[in-house]
1. Test B:Leu130 against the criterion of being modelled with pLDDT of 90 or more, assigned by the TED database to the domain that holds B:Ala20, under 30 Å from B:Leu101 (Cα atoms) and under 17 Å from the mean Cα position of the chain (by Cα), and give yes or no.
2. Within the stretch A:313-339, count every residue that is at pLDDT 90 or above and more than 9 Å from every other protein chain (Cβ to nearest Cβ).
3. Evaluate the stretch B:70-84: report whether one residue or more is out of contact with any helix residue (DSSP H, G or I) (no Cβ under 9 Å at 6 or more places or on another chain) and over 13 Å from B:Leu13 (Cα atoms).
4. Out of (1) more than 14 Å from chain A (Cβ to nearest Cβ); (2) among the aliphatic types (A, V, I, L, M); (3) without any contact (Cβ under 8 Å) to a residue 12 or more places away in the chain, the odd one out for B:Ala217 is which?
5. Any idea how many residues of the stretch B:194-204 are under 19 Å from B:Ile16 (Cβ atoms) and over 17 Å from the mean Cα position of the chain (by Cα)?
6. Looking for something in a helix (DSSP H, G or I), within 14 Å of chain B (Cβ to nearest Cβ) and surrounded by 15 or more Cβ atoms within 10 Å (Cβ to Cβ) - is there at least one such residue anywhere in the stretch A:130-139?
7. How about the stretch A:28-56: which of its residues are surrounded by 18 or more Cβ atoms within 10 Å (Cβ to Cβ) and of a type outside the set (Gly, Ala, Ser)?
8. Tell me, please, whether a residue that is on the phi > 0 side of the Ramachandran plot and away from every other protein chain (no Cβ under 14 Å) can be found in the stretch A:22-42.
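The values are calculated or read from the model by the stated rules, or taken from the named source; none is laboratory data. All values derive from a computational prediction rather than experimental measurement. Glycine gets a Cβ as well: all are built from the backbone with ideal geometry, and neighbour counts include every protein chain shown.
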Amino acid sequence: MRRLLNTLYVTMPDAYLACDGENVVIRVKDETKFRVPVHNLESIICFGFAGASPKLMYLCSERGVALSFLTEYGKFMGRVTGGISGNVLLRRAQYRWADDPTVSARLARRFIAAKIMNSRALLHRLRRDHKETVDSLALDKAITWLAGTADRLEKAGNGDVIRGVEGEAAQVYFSNFNQLILSQKEEFYLFNRNRRPPTDRINALLSFLYTLLAHDVTSAIESVGLDPQVGFLHRERPGRPSLALDIMEELRPHFADRLAVTLINRKQISADGFVVKENGAVIMAEDTRKEVLTAWQKRKLEEITHPYLEEKISLGLVPYVQALLLARHIRGDIEDYPPFFWK
Amino acid sequence: MTEHYLDEDLLLLSGIQHMAFCERQWALIHVEQVWAENVRTVEGKHFHERADDPFFDESRKTVRIVRSMPLVSHRLGLRGVADVVEFHHSKPEISGETCQLKDREGWWRPLPVEYKRGKPKKDGRDAVQLCAQAVALEEMLGLTITSGCLFYGETKRREAVEFTPALRQHTMELSRKMHVLVREGITPKAKKGKRCAQCSLVDDCQPYWMLRHRPVAAYLARMCSLEADEQ
């Protein structure tokens, strides 16, 4: 399997990215702070308004390194990409499938089935590991209820019904999310899932992790030649990476939610690493962001056995594998799309 | 019957070596537009950059060396660039095998030379590429080329390649198949073989999906069943 390369996160607002031969160089006030050969990189993500030289952008495009710019709070602003490449036949097939309600519904069911099973697995794991401390009765109810949605989902004929099932499942899952938090319970409490702006620390943390995941999934989709904006579950809207959001569904619980819970439970992040604005909006502080980025990058190096391929890969390659499986399904190599399940 | 492809249908000549190596590899690169650089391809690129340096004396009286010569063959439907075409001075004129050069006196016989990083390969894919170049040159210069040379970086040796009817036939068949795959938008199914080990596209190809195919329906049923995590 392909090797997972590093992602370079640039968080210093006065950093300037340049290139020197085959190296990516980070300069601060004309002083070289960091240097890495481009072939070691998967992508570069700049937080804040760091500068980058056109020559570096050229190098990144040529080598397929995704170069993205985010605001210092993690909002996606833009990305440097080469010309439209990849297989036009694949994209045409993707568009035709997206226009076909039957095919779209089938794929949407796959993403959501895996999402529900994976969020259920997260609740299940917690009940098993912390029998004494958790409210087992409430968890049991949620776990059983989530399992029951599988049937309803399989019978769901169109996107609206699937989105309805998904919405209810998310409601049940997030209403039990606080049970996953075993320490710092006072400071980290999820009232309900919200994001614009996040109004509690968990929401701020989840939103940030979802941004990182969206970046990885979008790059993966582009690297296999699919169009990240044309999805099967998420409706198209200009600027929205609908297909990335589709594939993200199945990855959210294991990639983002579980990491958020771990960071809080292990006290790797604390309440004072967040700024609460006068209007209730919550923003992550610089140090917390760095801590989360480090943990995210470390998590991606973990080895797992991919449930469909039955092959050992690093967790960070899962978005690429899922995008590739979808592309190969659309081009007729496999008869259906096997989503990622975490067991 | 002789084919005649239009300009808009021309494919990359260098792709014929991928086609000779593996049809699926060719389709992944030229139909799917997947391109994975590995050590081998990067080294090959650097090697070619060096090959573009003049290491022959261009002013020799009996040889004229032309580098990076654009080529096209409408019969094969291929276009590309020859690394090097040597024009060897010929006295006297050999009818049908020599041509005249601008600002040069006498008759000259073209000899295509292709530079390869590694060593000679058993499957003859380099010979096919060279032959396609020769066919293009023949078409453009209106003559017949009987042989060319492959220069291997590892052995630092030239190997002469004879353009036999069999090699020409094979070259023609491969290019015809390339055009069929592009026209129909087909990516052939994988066939796993020893060559997969030296293929830079193995991660995008995933040949074993086809060989140890696991039905997705059974996978979904297994993953959505609750027994596995209830213990």
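1. Numbers: modelled with pLDDT of 90 or more: yes; assigned by the TED database to the domain that holds B:Ala20: yes; under 30 Å from B:Leu101 (Cα atoms): yes; under 17 Å from the mean Cα position of the chain (by Cα): yes.
Yes: the conditions hold for B:Leu130.
2. Qualifying residue count, the stretch A:313-339: 6.
3. no
4. With respect to (1) more than 14 Å from chain A (Cβ to nearest Cβ); (2) among the aliphatic types (A, V, I, L, M); (3) without any contact (Cβ under 8 Å) to a residue 12 or more places away in the chain, B:Ala217 is out only on (1).
5. The initial filter retains those residues of the stretch B:194-204 that are under 19 Å from B:Ile16 (Cβ atoms), namely B:195, B:198-201.
With over 17 Å from the mean Cα position of the chain (by Cα) added as a condition, the list becomes none.
Count: 0.
6. Here is the first cut: in the stretch A:130-139, the ones in a helix (DSSP H, G or I) are A:136-139.
If we keep only those that are within 14 Å of chain B (Cβ to nearest Cβ) as well, we get A:139.
Applying the additional criterion that residues be surrounded by 15 or more Cβ atoms within 10 Å (Cβ to Cβ) yields A:139.
Taking every residue of the stretch A:130-139 in turn, at least one turns out to be in a helix (DSSP H, G or I), within 14 Å of chain B (Cβ to nearest Cβ) and surrounded by 15 or more Cβ atoms within 10 Å (Cβ to Cβ).
7. As a first pass, look at the stretch A:28-56 and keep what is surrounded by 18 or more Cβ atoms within 10 Å (Cβ to Cβ): A:38, A:41-47, A:50, A:52, A:56.
Residues satisfying the conditions are A:Val38, A:Leu41, A:Glu42, A:Ile44, A:Ile45, A:Cys46, A:Phe47, A:Leu56.
8. Keep residues of the stretch A:22-42 that are on the phi > 0 side of the Ramachandran plot, which gives A:29-30.
Going one step further and asking which of them are away from every other protein chain (no Cβ under 14 Å), we end up with A:29-30.
So far as the stretch A:22-42 goes, yes, one or more of its residues are on the phi > 0 side of the Ramachandran plot and away from every other protein chain (no Cβ under 14 Å).
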